[in-house]
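Asker: Sharing a structure below in structure tokens format, with a few things to ask.
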Amino acid sequence: MTDPSSGTASKATQLLGLHRDPTLLTVVNVWDVISATVVADVPGTTALASASHSIAASYGYPDGENIPRELMLEAVERIVKATDLPVSADLEGGYGDPAETIRQAIGIGVVGANIEDQMRPLAEAAANVEAIIRAAEAEGVPDFVLNARTDAFVKAGDRDPADVLKDAVERGKAFLDAGAPVVFVPGRLDEAQVTTLVEAFGPQKLTLIGIPGIPSLERLEELGVARVSYGPMSQNVALTALQELVEDVHRGGGVPSTMRILN
């Protein structure tokens with residue numbers, strides 16, 4: 001069990017406070033030590049979050065719990081050890097045992113996590129949330145920031161958007177009732193949908209992914225959103241820059257004059 005007075009418990013409380021603050025928390029996701037160090041060193045960065053898709057890709061695995069849990073946690077542990085900031089980990093659906101996965105994550109210093117519901121039956125998904133919260137409390141980290149994710153929009157297909165939004169509200173409220181402090185609803189949501197979710201969950205309870213097409217960060221803060229993260233987008237931005245460098249080299253150019261020496 002983690003000592004409640006330990007750095008892990010304290011960082012969990014710190015991370016929870018960042019979510020509860022009316023100021024929107026933004027986290028640009030990282031996938032290894034160098035990306036974590038670069039992001040952490042940017043003024044204004046208050047927390048880090050790993051991206052499961054990006055970590056899996058860096059090891060040659062497709063997304064979707066194909067990377068072994070042990071390897072995922074090893075990568076996350078390296079990130080945790082590289083910074084003094086609180087770290088939240090994207091742990092997909094929990095690798096078949098969400099509570100145990102969170103217990104192991106807390107053991108390496110993780111103080112928050114995304115866990116997908118993968119549109120399991122609602123009772124099962126809510127029970128997983130409750131088990132995770134109990135596991136965190138048993139480990140001495142009662143303020144662990146479970147970012148309970150519903151895939152209502154991700155797996156919506158061609159369903160009526162109104163029905164999808166209704167599902168997201170129902171599932172998110174069930175997760176909050178089960179003890180999750182915040183609910184993650186990824187998708188290209190418009191202002192009306194965001195407003196409905198915030199009204200259903202309460203202010204500073206909804207987290208979103210920062211993809212093109214959603215309202216501005218300023219507007220999301222005004223609406224009462226707790227957090228915006230960027231998932232695999234940050235790695236895609238980095239890889240786009242690398243690809244553009246290669247293309248420019250092939251044209252006879254070289255590194256851009258705006259390049260920074262970061263390591």
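The values are calculated or read from the model by the stated rules, or taken from the named source; none is laboratory data. Owing to the predicted nature of the structure, the values given are computational and were not obtained by experimental measurement. Note that each Cβ is placed from the backbone with ideal geometry, even for glycine, and that neighbours are counted across all protein chains shown.
Asker: Looking at Glu65, is it at pLDDT 95 or above, over 26 Å from Val198 (Cβ atoms) and surrounded by fewer than 18 Cβ atoms within 10 Å (Cβ to Cβ)? Lay out the reasoning, then the answer.
Answerer: Numbers: at pLDDT 95 or above: yes; over 26 Å from Val198 (Cβ atoms): yes; surrounded by fewer than 18 Cβ atoms within 10 Å (Cβ to Cβ): no.
No, not satisfied.
Asker: Of all residues in the stretch 61-93, count the ones that are assigned to a helix (DSSP H, G or I) and aliphatic (A, V, I, L, M).
Answerer: Total satisfying the criteria: 7.
Asker: Looking only at the stretch 94-126, count how many residues are surrounded by fewer than 24 Cβ atoms within 10 Å (Cβ to Cβ) and part of a loop (DSSP other than H, G, I, E, B).
Answerer: 10
Asker: Turning to a different aspect of this structure: With respect to Gly187, determine if the residue is on the phi > 0 side of the Ramachandran plot, in contact with a Phe, Trp or Tyr (Cβ under 9 Å, 6 or more places away or on another chain) and of a type outside the set (A, V, I, L, M, F, W, C).
Answerer: On the way: on the phi > 0 side of the Ramachandran plot: yes; in contact with a Phe, Trp or Tyr (Cβ under 9 Å, 6 or more places away or on another chain): yes; of a type outside the set (A, V, I, L, M, F, W, C): yes.
Judged against the criteria, Gly187 is a match.
Asker: Name the pairs whose Cβ atoms lie under 7 Å apart, with the first residue in the stretch 238-251 and under 20 Å from Trp31 (Cβ atoms), the second exposed (fewer than 12 other Cβ atoms within 10 Å of the Cβ) and at pLDDT 95 or above, and 6 or more positions between them or separate chains?
Answerer: Correct list of pairs: empty, since none qualify.
Asker: Also, I was wondering about something else. Just one of Asp167, Asp143, Asp158 is surrounded by fewer than 23 Cβ atoms within 10 Å (Cβ to Cβ), outside any loop (DSSP other than H, G, I, E, B) and either touching a strand residue (DSSP E or B) at 6+ places or on another chain (Cβ under 8 Å) or not hydrophobic (A, V, I, L, M, F, W, C) (or both); which is it?
Answerer: Only one candidate qualifies: Asp167.
Asker: What helices (runs of 4 or more DSSP H) lie completely within the stretch 181-252 and have 2 or more residues being surrounded by 19 or more Cβ atoms within 10 Å (Cβ to Cβ)?
Answerer: Answer list for the stretch 181-252: 191-201, 233-250.
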